[in-house]
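Okay, structure first, notes after.
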Amino acid sequence: MSQYPLLEPDRDALLINLPGGQLRYFPHLIPESEADRLMASLQAEISWEQSDIWIAGQRRKIPRLNAWYGDAGADYSYSGRLFRALSWLPDLKTIKQQVESACGTVFNSALVNLYRDGSDSVDWHSDDEPELGSNPIIASVSLGAVRRFQIKHKSRREVGLRELDLGHGSLLVMEGEFQHHLRHRLPKMPGVNKARLNITFRRVHVATLFPQ
Ligand SMILES: O=C(O)CCC(=O)C(=O)O
Ligand SMILES: [Mn+2]
């Protein structure tokens with residue numbers, strides 16, 4: 001049985017309609033004391049790596065740590081490199097079940113991110129890698145420091161910047177045509193001196209090993 005309260009999307013989620021896409025935000029996916037425990041144990045147990053990125057011909061470390069977990073074979077290309085899926089940790093599996101029941105869908109993998117403090121960030125992007133298929137559902141769980149999530153339209157400048165603060169134990173669901181029309185980022189926040197851990201559950205289409 002789930003150790004978390006049963007969520008009802010109509011009652012527990014805030015629906016955010018944007019030109020070109022939709023977000024659902026559940027402020028309380030995980031009760032606070034459990035979120036505290038998960039933050040400490042996952043921060044210690046995840047096999048963190050710091051990937052490289054090429055900017056203007058120079059190799060730099062990306063300003064966050066990450067790791068890729070998933071079912072066997074659910075590998076993923078991100079930031080120009082291939083991540084082989086590590087086997088699920090029990091805590092990640094438990095969170096995955098709760099997220100799946102809130103979203104009404106199943107996921108086979110997750111990119112886990114650690115923003116060590118406010119100087120870590122992720123720049124404007126869409127989660128539109130071919131492995132995710134068109135109109136992917138991406139479910140993003142936040143633990144630790146509250147950080148701002150910003151959204152902008154790819155072509156319609158009049159839409160302006162939209163933002164949302166993602167709290168400890170919350171779930172944000174990106175779905176529909178969100179990745180086609182909108183970009184998102186997590187900007188640096190100089191005043192933040194605590195860590196934030198983020199888990200983005202995804203469904204990657206696993207390549208068939210023996211195509212007919
Ligand atoms: O940390 C977040 O809330 C967003 C992470 C993200 O967009 C990503 O890893 O693709
Ligand atoms: Mn993203």
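Observations on the model:
- Computed [θ] at 222 nm, helices only, for the chain once each DSSP H run of length n ≥ 4 contributes -39500 (n - 2.57): -5000 deg cm²/dmol
- Estimated FRET transfer efficiency (Asp71, Leu15; beta-carbon r; R0 35 Å; 0.05): 0.70
- The charge dipole of the stretch 14-202, taken about the Cα centre with unit charges on the Cβ atoms of Lys, Arg (+1) and Asp, Glu (-1), comes to about 660 debye, rounded to the nearest 20.
- Take the Cβ atoms of Glu100 and Ser126, set R0 to 35 Å, and the FRET efficiency comes out at 0.95.
- Distance in nm between pseudo-label sites at Ser87 and Glu177 (7 Å out along the Cβ direction from Cα): 4.3 nm
- Peptides 36-46, 144-154 ranked from most to least packed give 144-154, 36-46, packing being the mean of other C-beta atoms within 10 angstrom over each peptide's residues.
- Rounded to the nearest 20 debye, the dipole magnitude of the stretch 116-212 is 320 debye, with +1 charges on Lys and Arg beta carbons, -1 on Asp and Glu beta carbons, and the Cα centre as origin.
- The stretch 1-143, relative contact order [Cα under 8 Å, separation at least 6], %: 21 percent
- Derived scalar couplings ³J(HN,Hα) [the stretch 37-47; Karplus, 6.51 cos²θ - 1.76 cosθ + 1.60; whole Hz; x for Gly, Pro]: 4, 5, 4, 5, 6, 5, 4, 7, 8, 5, 7
- Residues in the stretch 108-130 that a label on Val159 would reach, taking backbone N under 20 Å of a point 7 Å out along Cα→Cβ: 122-130
- Sulfur and carbon atoms: percent of accessible area, the stretch 14-202 [1.4 Å]: 50 percent
- For the stretch 128-189: rounded, prolate or oblate by the Cα gyration tensor [a/c cutoff 1.5]: oblate
- Surface per residue (accessible, 1.4 Å probe) for the chain, Å²: 51 Å²
The values are calculated or read from the model by the stated rules, or taken from the named source; none is laboratory data. Bear in mind that the values here come from a model prediction, so they are computed numbers and not experimental data. Counting neighbours? That spans all protein chains shown, and the Cβs are built from the backbone with ideal geometry, glycine included. Only protein heavy atoms, including side chains, enter the accessible area calculation; ligands, DNA and RNA are left aside. Shrake-Rupley method; radii C 1.70, N 1.55, O 1.52, S 1.80 Å.
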